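Written below as structure tokens is the structure these notes are about.
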Amino acid sequence: MILPLTTTKEGEKVRVSCLNCPTEDTCRLQKLGCVEGVSGIVISNKKNIIFQVGECRLAITAPLAKNILVEPIDVK
């Protein structure tokens with residue numbers, strides 16, 4: 001099930017499926033390590049999203065996060 005990053009919960013592990021953003025935003029996210037297929041953890045989902053990819057924490061605005069499509073990773 002693929003959902004926007006804005007619908008995730010704090011502490012949830014997700015995999016980035018699609019960056020459906022304007023080219024400039026997509027390039028900036030990719031340079032920071034947020035690429036399709038990468039896994040990360042949602043640290044905070046308040047007004048802005050804090051998304052950790054590897055050792056990097058990204059602060060992402062809600063409008064931009066709506067265009068980042070992710071799928072939850074089942075942790076067993």
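Relative contact order, whole percent, for the stretch 9-53 stands at 45, derived from Cα pairs under 8 Å and 6 or more residues apart.
Counting only protein heavy atoms and a 1.4 Å probe, tell me what percentage of the chain's accessible area is made up of carbon and sulfur.
Numbers: 2520 of 4760 Å².
Solvent-exposed carbon and sulfur of the chain make up 53 percent of the total.
Cross-link reach is defined here as a Cα-Cα straight distance under 20 Å, omitting same-chain residues fewer than 8 places apart; for residue 47 the aspartates and glutamates meeting it are 10, 12, 25. Accessible surface for the chain, divided over its residues, is 63 Å² per residue with a 1.4 Å probe.
Give, to the nearest whole percent, the P(r) tail of the chain beyond 17 angstrom, counting all Cα pairs.
Values: 906 of 2850 pairs.
Percentage above 17 Å: 32.
The values are calculated or read from the model by the stated rules, or taken from the named source; none is laboratory data. These numbers come from a predicted model, not from an experiment. When the accessible area is computed, the model is the full protein with side chains, heavy atoms only, and any ligands, DNA or RNA have been set aside. Shrake-Rupley method; radii C 1.70, N 1.55, O 1.52, S 1.80 Å.
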